[in-house]
Amino acid sequence: MVYEGLVHMKRTIGLALAASLLSAGGLAGIQVPDSLTVEQAIQRVIATHPAVVEAGNGVSASEARVRERQSAFTPVVTAEGSYARVGPVPSLTLNNEAFSLFPANNYDAHFSLYHTVYDWGRRQTAVEQAQTYRRSAAENVELVKSGLAYQTAQAFYAVLFLQQNLSVQDDEISALGQHLQVIQDKVKAGTATDFDVLTTQVRIATARSQRVDLANALDERTIELRELLGLPADSMVEPVGAFEVDSTSLAVDSLVAAALAQRPEVKLSRDAEASAKVQTQLAALADRPSLGLALSAGAKNGYVPNLNKFQPNFSAGMSIQLPIYNGDRTRSQVRVSEAEESVARSRTQTLARRVTTDVEKAVASVRASREKIQTADLQVRQATQALDLARTRYQAGVVTNLDVLDAETLLAQAKLVQLRARYELVQGRYRLEQAVGDKIW
């Protein structure tokens, strides 16, 4: 019963470690070398991922929108030409001579200019609104880059973790194989039984089955990382790195303050507030008058005394437009804009709470991982000593084969727990950096 319980426990731990890593993925297109650090992987994904290109196109569109709004400050110049054949042509007769009142063939060609001289700030407010959209588009680029960077780091270290997990599993299988050889020698010498051989072979088969599961999980995560980098299916990518233990400051107050100042999501929400505020101002200006200047110069026929002569002409004038009544539409638009502005402020406040929670949870995770590492290091040392002692006693005939197998299993489990704790610390540190809004690209 003890043996079966240990086998079941070990299988459960191994499968849980592998299954917990199935997340993240992406697309990018670039050729990378076989050996790749996490920094190189992040830089390559950020440089070529289609999502970054798409977000960059959004910035270009918003910049074009700003220029479009700014064009309202320049005059509008048009060229027009027309021809009209009119008939019958009215005429008068004086002294037995007929005079046409206008020509039958009418020609007109001219340039027109219209310029809004003053509109009580509507154009400038529209420009400011477009500028808020441009800031939002730029922040969206940073948000996309941040998501891809941390997604890449997560996939990178998941592959690295599974590779080292497999290494631990291989070490256990190798140790069990060596132990099987010792037992078989003892069987030949008559100091062990076939039951001891069979028990060890079962342990080896169980370890190999767990290795298959881990290898499959590694293949899946490697495929995800390769897809994120945009590599073909036959490309080899070998992550290079280590699960380092650091002493990053965990002062929650300062980390929350930094997060509220630099998280792309917070900046986007504040930009939305500013845009809603400008929209309210713009809606309130809808009833304001506008003053414009109109100029026209060209040539046409139809002037007396020679109606068919093509002569230069011009016109100049001022115009004012004063809205009087539009069915309370302006007031309704202002109310809608004010409501949207209030919603944007509430959304920012809600986001600020979530950011604070993200930071606090990430800090707690890092602290817990650091404590786990200390405990796991101690467990590995103790399990190593226990295995050495069990092997020595087994050689002396003091303990059974099952005791040695249990010691092998406990050491493998301790190494996996140690590796898992270091992996969780690295992942927790990246989650903390993401929660704070730090750039890792």
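No lab work stands behind these numbers, since they all come straight from the coordinates. Computed from a predicted structure; not experimentally measured. Here Cβ is always computed from backbone atoms with ideal geometry, including for glycine, and neighbour counts include all displayed protein chains.
When only Cα pairs under 8 Å and 6 or more residues apart are kept, what is the percent relative contact order across the stretch 162-214?
Details: 27 pairs, mean separation 26.3, N = 53.
Relative contact order, the stretch 162-214: 50 percent.
May I ask you to work out the translational diffusion coefficient for the chain at 4 °C, viscosity 1.567 mPa s, via Stokes-Einstein with Rh from the Kirkwood sum over Cα pairs, reported in whole µm²/s? Numbers along the way, then the final one.
On the way: Rh = 29.3 Å.
The Stokes-Einstein estimate is 44 µm²/s.
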- Expected sort for 114-122, 307-315, 142-150 on mean C-beta neighbours within 10 Å, highest first, is 142-150, 114-122, 307-315
- Query: Where does the stretch 288-393 land on Rg/Rh, using Cα atoms and the Kirkwood Rh?
  - Reply: 1.72
- Select from Arg211, Arg203, Arg85 the residue whose mean-square fluctuation is largest in a Gaussian network model of the chain (Cα-Cα springs shorter than 10 Å). Arg85
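With +1 assigned to the C-beta of every Lys and Arg and -1 to the C-beta of every Asp and Glu, and no other charges, what is the dipole magnitude of the stretch 355-395 about the Cα centre in debye, to the nearest 20? Could you put the intermediate results ahead of the total?
Details: 7 positive and 5 negative charges, 44 e Å.
Value, rounded to 20: 200 debye.
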- Mean-square fluctuation maximum in Gaussian network of the chain, Cα pairs under 10 Å, restricted to Val187, Val86, Val355, hits Val86
- Message: Residues of the stretch 366-406 with the amide nitrogen closer than 19 Å to a label point 7 Å from the Cα of Thr193, along Cα-to-Cβ, please.
- Response: 394-406
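Jot down the per residue volume, in cubic angstrom and as a whole number, of the convex hull over the alpha-carbon atoms of the stretch 167-227. Mind showing how you got there, number by number?
Values: hull volume 3.4 nm³, N = 61.
In the stretch 167-227, the Cα convex hull volume per residue is 56 Å³.
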- In whole Å, what is the distance between the alpha-carbon centres of the stretch 145-163 and the stretch 349-374? 19 Å
- Just need log10 I(q)/I(0) for the stretch 344-389 at q = 0.18, 0.22, 0.25, 0.26 Å⁻¹, Debye formula, equal scatterers on the alpha-carbon atoms, no solvent, rounded to two decimals. -0.66, -0.76, -0.83, -0.85
- Taking the Cα centre of the chain as origin, sum charge times position over the Cβ atoms of Lys and Arg (+1) and Asp and Glu (-1), and report the length of that vector in debye to the nearest 20. 1160 debye
- Query: For the cross-link pairs Lys186/Lys372; Lys372/Lys439; Lys145/Lys277; Lys277/Lys361; Lys145/Lys361; Lys361/Lys439, which exceed 30 Å when the distance is taken from alpha carbon to alpha carbon?
  - Reply: Lys186/Lys372; Lys277/Lys361
- Span per principal axis, largest first, for the Cα atoms of the stretch 37-76 (Å): 56, 14, 8
- Listed residues Gly292, Gly87, Gly302, most fluctuating in the chain (Gaussian network, C-alpha, under 10 Å): Gly87
- Task: Taking the dipole about the Cα centre of the stretch 192-251, with the C-beta of Lys and Arg at +1 and of Asp and Glu at -1, give me whichever of Val237, Ala192, Ile223 is farthest to the positive side.
- Result: Ala192
- Item | the chain: relative contact order as a whole-number percent, Cα under 8 Å and 6+ apart | 24 percent
- Note on the structure: With the dipole of the stretch 286-441 defined by +1 on each Lys or Arg Cβ and -1 on each Asp or Glu Cβ, the option from Phe310, Ala435, Pro323 whose Cα lies farthest towards the positive pole is Phe310
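Counting alpha carbon pairs within less than 8 Å and at least 6 residues apart, what relative contact order, in whole percent, applies to the stretch 260-351? Spell out each step's value before the answer.
On the way: 100 pairs, mean separation 36.0, N = 92.
Averaging sequence separation for qualifying contacts and normalising by length gives 39 percent for the stretch 260-351.
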- Quickly work out the Lys439-to-Gln184 label distance, labels modelled 7 Å from Cα along the C-beta direction, and quote it in nm with one decimal. 6.1 nm
- Query: How large is Rg over Rh for the stretch 283-337, taking Rg from the Cα atoms and Rh as the Kirkwood inverse mean of 1/r across Cα pairs?
  - Reply: 1.38
- Under unit Cβ charges (Lys, Arg +1; Asp, Glu -1), what dipole magnitude, rounded to 20 debye, does the stretch 97-160 have relative to its Cα centre? 440 debye
